[in-house]
Every structure is written in C-alpha cells, then in structure tokens.
1. Quick test of your reading of the structure: Ile67 fulfils all but one of (1) surrounded by 13 or more Cβ atoms within 10 Å (Cβ to Cβ); (2) within 13 Å of the chain's Cα centre (by Cα). Name the failing condition by number.
2. Can you find even one residue in segment 3-14 that is touching a Phe, Trp or Tyr at 6+ places or on another chain (Cβ under 7 Å) and of a type in the set (S, T, N, Q)?
3. Answer yes or no: is there a residue in segment 41-48 that is in contact (Cβ under 8 Å) with a residue 60 or more places away in the chain, surrounded by fewer than 14 Cβ atoms within 10 Å (Cβ to Cβ) and under 10 Å from the mean Cα position of the chain (by Cα).
4. Report every pair of residues separated by at least 6 positions or lying on different chains whose Cβ atoms are under 6 Å apart, first residue within segment 9-26 and of a type in the set (A, V, I, L, M), second outside any loop (DSSP other than H, G, I, E, B) and surrounded by fewer than 13 Cβ atoms within 10 Å (Cβ to Cβ).
5. Check whether at least one residue in segment 54-61 is surrounded by 12 or more Cβ atoms within 10 Å (Cβ to Cβ) and farther than 21 Å from Ala18 by Cα, and report yes or no.
Amino acid sequence: ILVCDLEDEYGSAGACIADWPNEDFIGLLDLLKTRGSRLGGMTGQYFLRFLGRDGWALSRDVVAALIREGVVDKAPTGKGAMKAVQAAFNEWAAESGRPFAHISRTLALGIDA
C-alpha cells in the first residue's frame, strides 16, 4: 500500500525516496515509520541503505560515537534527539563534502569496540 500511495503522490516510490532532501533525512525515516509496515527504527535505515539511498544507520557504534561527540547523551529515540543527529550529519556533510553513509561508517569505525 505504501508504494502505491507514494506513486500517487510523487509519481513513483523511487522518485519519492531518491528526491527526498538529505537535509531532512529524519523526515524520510518518519514517513517510512508512520506509513510503512515494519519500516521504523533500524529496519527503515537499512532498507534505504539497501536501496542505495544515502543516509545513516544508527548502529550501536554510531550511537556511541554520537554520544562521544556530544550530539546526544543516549540512543536517539525522540524527535529532539533525532533533530540533533540530523543537524550534526548536515554540518559534517557540509564541512567534509562526504555523503551521510560515509560519515556514518567513519563514526562507527572510530569506536574501539
């Protein structure tokens, strides 16, 4: 149903996902969570990565790095914490010129686990 709804609204589900601005990645995650079946949390993040869509994956190591960097103080679950994550990724992407997926992977690899 989600795919058909997105097709009606955006011309295709692929266009919706591909054209969604990175600066509002949390909005795309929220769309998947609220309108898709079982696409909240990590499932939605990995689904988008599997499709080749740039974005982060808030794995344990990425969350640990975000805590280390002072972005959040615990695993981000609420809207305020997710906005802080979005702002941090937006800033790091602007500074580095790197996509969110590269930043996410770099954060994960920077944790000595």
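1. (2)
2. So far as segment 3-14 goes, no, none of its residues is touching a Phe, Trp or Tyr at 6+ places or on another chain (Cβ under 7 Å) and of a type in the set (S, T, N, Q).
3. no
4. From residues that are of a type in the set (A, V, I, L, M), the pairs are Ala13/Val3.
5. Scanning segment 54-61, I find at least one residue that is surrounded by 12 or more Cβ atoms within 10 Å (Cβ to Cβ) and farther than 21 Å from Ala18 by Cα, so the answer is yes.
Laboratory data are not the source of any read-out in this text; all were calculated from the coordinates shown. Owing to the predicted nature of the structure, the values given are computational and were not obtained by experimental measurement. Ideal geometry is used to build each Cβ from the backbone, glycine not excepted, and the neighbour counts take in all protein chains shown.
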